[in-house]
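Nothing in this text is a laboratory measurement; each read-out follows from the coordinates by a stated rule. The model shown is predicted, which means the values in this text are computed figures rather than measured ones. Using ideal geometry, Cβ is built from the backbone for each residue, glycine included, and neighbour counts are taken over all protein chains shown.
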Amino acid sequence: MKRRTLTCLLLLLPLCACRPAPPPTERPPEPQAARATELRDAIRAPQDKARSVEETTRKAAENTRAIGSRRSRFLRRA
């Protein structure tokens, strides 16, 4: 009895290494690009925000320099 059970277990052991059946091919798999796009957008959002703040800061610095040069011209006249 024990020998028969052991033999059955040894014969069934290789079946554990078999791959599972592939999914049905009627419905195509969901594209992976949608997930990658969401991740890319999540990464780029803070970068885009930083770029817009950088542009605003640059324009403000240019305006400050322009005002400073106007003041120095005004002070030279006086």
Free of Cβ contacts under 8 Å to residues at least 40 places away in the same chain, surrounded by fewer than 10 Cβ atoms within 10 Å (Cβ to Cβ) and of a type in the set (D, E, K, R) - does that describe any residue in the stretch 63-70?
no
Only one of 40, 51, 19, 44 is without any contact (Cβ under 8 Å) to a residue 24 or more places away in the chain and exposed (fewer than 10 other Cβ atoms within 10 Å of the Cβ), namely 19
